[in-house]
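Take a look at the structure set out below.
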C-alpha cells in the first residue's frame, strides 16, 4: 500500500493546480464524505465533521468556505449528509446532498459502493469591483442573480480498519448549467457551467513503534481533476499515543501546510484540528496564507441488549 501511494503521487506530480471549481480543504483526510459517497458509514458508527477555511488572507473578497457533514452506519448501510457554503467576492455557492453507501466484505477489508444526490445553488451579487465599469459588459450581471440545479455523484471506497483506505469517485455527474437573468432592470445574466470532478484518495497507517501503536505515521494523498486542471495533495501526519498529531501537506505548485490536532480525552471521539497554508505560488507575495479549523466527533451506535427468557424443561 505504501508503494501504491508513492507511485500515485508521482503519477500526478506533473500536473498543475489552477482552476478547480470545487473548494479545497487542507485537512482533506478528515473529509471524505463530501467528495466520495462510498465512504458514508465507513467508521461503523455516527460521525459529524465541521470545517471552516479562510483562504488567501490579506485579500478583500477572499474565499471563505464552510462545510458540515455527518454520516451513520446501520448494518451494511451507510447514510450521510453534506452541506457546503463558499463565498468568493460577489460569488456565493451552496451545495446540499444526501449520500447512501452499501458496504460488503471484500477480502480482508470492506468495499463501500455509494451514491449522492442533492442540489447546487449559485448566486452573484451586484457589488462587482473592477478597474473598468462592469456595466459596459453585458456578460457581467450588474444586479443580483441566482440559480438552482440538481446534482449527483458516485463513489467506491475500500478500507481495511486501522490499516489503509483507497477511494475513487466522481461528483457533479450531470454537469448542469445554472442560468438566470439579472433581477429587476439589471443588465447581464448568470451562466455557469458546472464541470464533472474526479477524485482519487488513499491513505495508510504505519505503526513505527513495533506494534504498540504509540507512534503511527499516516501518509495520504488526494488527487482531483475536472479534466481542465489537476491538483494533488500529498500529506503526512504523525499520531502520538492516539492523543495528538502533527504533520505537513504539500499541494503541488500551490502551498505547503502545517497541520496539528488533538483528541480530547474528556470527550472520547472528539477531535480538534487546525492547519495553516503558506502559499508557494505568485499569490504568496500578496497573501498571508490560509487558515483552517476542524471539529470532528464520532461515536458508536449502541444496540439495545437483547432480552432472553429461559424456560426450564421441568415446568410446563
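Every number in this text was worked out from the coordinates using simple rules, so none of it is lab data. Nothing here was measured: the structure is a model prediction, and the numbers come from that model. A quick note on method: Cβ atoms are made from the backbone with ideal geometry, for glycine too, and the neighbour counts reach across all protein chains shown.
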Point to revise | Pairwise FRET efficiency - residue 152 versus residue 52, Cβ, R0 = 30 Å, nearest 0.05 | key: 0.70
**Study point:** Label-point gap, in nm, between residue 62 and residue 242 - each point 7 angstrom along Cα→Cβ
**Key:** 3.7 nm
Revision key, fill the gap. Going fewest to most other Cβ atoms within 10 Å around each Cβ, 251, 62 line up as 62, 251
Point to revise | Shape of region 219-284, Cα gyration tensor, a/c cut at 1.5 | key: prolate
Exercise for review: Using R₀ = 25 Å, calculate the FRET efficiency as 1/(1 + (r/R₀)^6) where r is the Cβ-Cβ separation of residue 77 and residue 266; round to 0.05.
Suggested key: 0.20
Check your understanding: Sorted from fewest to most neighbouring beta carbons within 10 Å, what does the list 34, 212 look like?
Key -> 212, 34
Review point. Most exposed first by the Cβ proxy, i.e. fewest other Cβ within 10 Å, how do 165, 199 rank?
Key: 199, 165
Revision key, fill the gap. Extension length gain for residue 293 and residue 278 (0.36 nm per residue less Cα distance), in nm, is 3.9 nm
